[in-house]
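The structure under discussion appears below in the form of structure tokens.
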Amino acid sequence: TLEMECPPRVYAGGRCVFSISVSNPSDNAVENVRLKHQLPPGLAPLPDEDRERVWRRARLEPHETWEVERTASAGSAVGTFQSTAALLVDNRPEAFQTCQTQVDPPPVAVVLTCPPTMSDGDSATAEIVVSNSTSEAAEDLSVTLELSDRRLAALELSPNRGDRGIKQSWVIDRLDPNQSWRQRVTISASAPGRLQSCAQIRVRSAPESVL
């Protein structure tokens, strides 16, 4: 017998775990067992995996249960996506299972406004806005602003609470429904170049949004 469980709902950018089990209820061993799992569009495999993953067992003992797990990530597309598991014995299909996962928009969103270019000696203001558009409060948020072009080593953020450099983080204990959190920082440069920046927000047990 073949069984598969998947999360019924995840947020875009988050991860979902598939639990698949194969049981041999008979009194005889089963040999040359293969288990295949296919990810649908909208769910992506981990970097070292293909969209279809295959597990093999040379022998499944009587009344033995074989369990595997697979982790995938949800892309930016929202909607309902169906994955498929197949059990083969001696290259013959024996059983199929499907399960559906609903991918929803992230519960919070981050918007970053910053200057695209800076010249020697320039200072400019960047603003981060984190919004909660859901009907539930979001807690334990971590927001990070990073000036990701490390060639511009002279870039600095302020206020920096004593941590000068190209990366700065804040913690939001709670963001109520339909509320926003804002933070302004000053970016200064002592060398010319194009500013590349990245703002990230991570929610406890939820995905991160990146700009």
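For region 32-51, what are the residues that are within 21 Å of V22 (Cα to Cα) and either open to solvent by 40 Å² or more (accessible area, probe 1.4 Å) or modelled with pLDDT under 90 (or both)? If you could, list the steps in order and put the result at the bottom.
Here is the first cut: in region 32-51, the ones within 21 Å of V22 (Cα to Cα) are 32-39, 51.
Within region 32-51, N32, R34, K36, Q38, R51 meet the criteria.
Of the residues making up region 69-82, not a single one is over 19 Å from the mean Cα position of the chain (by Cα) and touching a residue at least 24 places away in the same chain (Cβ under 8 Å). Restricting attention to region 13-31, the residues that are touching a strand residue (DSSP E or B) at 6+ places or on another chain (Cβ under 8 Å) and either open to solvent by less than 40 Å² (accessible area, probe 1.4 Å) or without any contact (Cβ under 8 Å) to a residue 60 or more places away in the chain (or both) total 13.
Can you confirm whether region 114-132 contains a residue that is part of a strand (DSSP E or B), closer than 30 Å to F18 by Cα and either open to solvent by less than 70 Å² (accessible area, probe 1.4 Å) or modelled with pLDDT under 75 (or both)?
Here is the first cut: in region 114-132, the ones part of a strand (DSSP E or B) are 117-118, 123-132.
If we keep only those that are closer than 30 Å to F18 by Cα as well, we get 132.
From what's left, either open to solvent by less than 70 Å² (accessible area, probe 1.4 Å) or modelled with pLDDT under 75 (or both): 132.
Within region 114-132 (the criterion being part of a strand (DSSP E or B), closer than 30 Å to F18 by Cα and either open to solvent by less than 70 Å² (accessible area, probe 1.4 Å) or modelled with pLDDT under 75 (or both)), the answer is yes, since at least one residue qualifies.
Annotation note: Cβ proximity below 7 Å between a residue of region 42-54 that is among the charged types (D, E, K, R) and a residue that is open to solvent by 40 Å² or more (accessible area, probe 1.4 Å) (sequence gap 6+ or interchain) occurs for R51/Q38; E52/K36; E52/Q38. Checking the conditions here, which among T65, T71 is farther than 30 Å from P106 by Cβ and open to solvent by 30 Å² or more (accessible area, probe 1.4 Å)? So the residue among T65, T71 that is farther than 30 Å from P106 by Cβ and open to solvent by 30 Å² or more (accessible area, probe 1.4 Å) is T65.
The values are calculated or read from the model by the stated rules, or taken from the named source; none is laboratory data. What you see is a predicted model; the values in this text were computed from it and never measured. All Cβ positions, glycine included, derive from the backbone under ideal geometry; neighbour counts span all protein chains shown. Side chains are part of the model used for accessible areas, which takes the heavy atoms of the whole protein and leaves out ligands, DNA and RNA. Shrake-Rupley method; radii C 1.70, N 1.55, O 1.52, S 1.80 Å.
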